[in-house]
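Every read-out reported here was derived from the displayed coordinates using simple, explicitly stated rules and does not represent laboratory data. Note that the structure is a prediction, hence the values are computed from the model and not measured. So basically every Cβ, Gly included, is an ideal-geometry build from the backbone, and we count neighbours across all protein chains shown.
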Amino acid sequence: MTIIYCRTGETVEESIANILKDKGFDIYQFSKRINDVDYDQEYIQELTDVVEDKKHTMVWSLGYFPIIARVCKIAQIPYISWVIRETWNTLYSETVEYKTNFIFLAEENVATAFYSSNPGHIFYLPPGVELLETKIQNGTVGMCSYNMDFPKYYMKEECSPYLAGYISGLIEAQKKIYGYHFVSDIITKKVKKELSSILTEESKGKDYRKKPLKILIDDFLCDSITKEEQKEVEGLLIGTGYCYNKNLVCSVNVNVTSRKWKKGLPIDMLAIMGAGGFILTNYQPGMEEIFKIGEDLVVYEDKTDLIDKLNYYMKSEEERSIIAQKGREKVKNYYKLEQRINDIIYFLSV
């Protein structure tokens, strides 16, 4: 069986390809850049040529791309998509309904929400990571590295001062609370009505379903909160005076989860834990199902608590190391990349 692996730039792609090779699959890595996730005619033609040249084929990618789904539907071959980040907007494309799709989503609530779009072809599958042997950059602090591509939101007209203040207040209130998402539930009808008339996202393909207003507003608020939080926390870390390294495994690695990721743990945080890094993170629902807080990782309650715990664990190397190793063992037992690939292969075989 040949797998055409459409490369999209994720660092874990090479590891997945190697795991599949070890399991006896022939891997053809298709690395052409996608310029339009819906209608890139050059990409469609080149991928179609590759598909026609290969026999007993399926196509894999990290992230869901309607353009790949179209090629696979015409060729009547399986398209396996594993969405490991908050790149969910393409799931509003009508192509998601194709029976040649097998879509795996790493956020449980999102998988549940989209399941009805293609029952039996959409699954929940948590992230998986490699267990790398990485040198810890002692004496440094850093943030889990995120490659987040926030959607662009537009106000079709200038919003009222009341609405601007209301939204600002909601964002500031939600930033103080971790583990409980409330902003979308307390918005007044008046605010929803005004937002419905002026808020929109960047245009998508013509075959996209309209995003429900509640989800559009929630995504807008979540992205706004996340951008502010990540910028503020980075500023705090730089201001501590410790050596700050964003893209390395540091003595203390701070995680600020996207507010759209409402249950479970993001892949970048798990990757650092798998490499033996100590994690200081905001609380996430479902975290305690796998990890013991205070033993496998440490949770901060607010920004003051974040700095206090950062200072404490920067001075407590032995305690920090014990927690990091326990966290790495949990990742090994529950989030190993090879096991996730086994899960996908199992779902495809039943």
Notebook entry, point to check: Contour minus end-to-end for Glu97 and Ser160, with contour as 0.36 nm per residue of separation and end-to-end as the Cα-Cα distance?
Noted result: 18.8 nm
Notebook entry, point to check: What 222 nm value per residue comes from the helices of the chain, counting each DSSP H run with n ≥ 4 as -39,500 (n - 2.57) and dividing by all residues, nearest 500 deg cm²/dmol?
Noted result: -13000 deg cm²/dmol
Notebook entry, point to check: Based on the alpha-carbon gyration tensor of region 70-209 and its eigenvalue square roots a ≥ b ≥ c, which shape applies: rounded if a/c is under 1.5, prolate if not and a/b is larger than b/c, or oblate?
Noted result: oblate
Check: PRE reach from Asn333 (point 7 Å along Cα→Cβ): which of region 273-288 fall under 17 Å by backbone N?
Finding: 273-276, 287-288
Checklist line | Overall Cα dimensions of region 68-138, principal axis frame, Å, largest first | finding: 52, 27, 19
Note to self: Could you compute the net charge surrounding Leu131? Neighbours are other residues with a C-beta less than 9 Å from the C-beta of Leu131; K and R count +1, D and E count -1.
What the structure shows: +1
Next item on the list: Starting from 0 in steps of 10 Å, tell me what percent of the Cα-Cα pairs of the chain lands in each bin.
Entry: 5, 23, 30, 25, 15, 3, 0
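Would you mind counting up the charge near Tyr115? Only other residues with Cβ under 14 Å from its Cβ, with Lys and Arg at +1 and Asp and Glu at -1.
Here the count lands on -3.
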Margin query: I need the shape label for region 22-92. Rule: rounded when a/c is under 1.5, else prolate if a/b > b/c, else oblate, with a, b, c from the alpha carbon gyration tensor.
Written below: oblate
Next item on the list: Could you please report the charge total around Lys260, scoring K, R as +1 and D, E as -1 over all other residues with beta-carbon less than 9 angstrom from its beta-carbon?
Entry: -3
Next item on the list: Would you mind pulling out the separation of the Cα centroids of region 116-176 and region 250-314, in Å?
Entry: 15 Å
Next item on the list: Kindly put Phe291, Phe347 in sequence by how many other C-beta atoms sit within 10 Å of each C-beta, fewest to most.
Entry: Phe347, Phe291
Note to self: 5 Å is the cut-off here: which amide hydrogens, built 1.01 Å from N in the peptide plane, fall below it relative to Val83, excluding neighbours closer than 5 in sequence?
What the structure shows: Gly63, Phe104, Leu105, Ala106
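So for region 203-350, Kirkwood radius off the Cα pairs, Stokes-Einstein at 25 °C and 0.890 mPa s: how many µm² s⁻¹?
Calculated translational D: 143 µm²/s.
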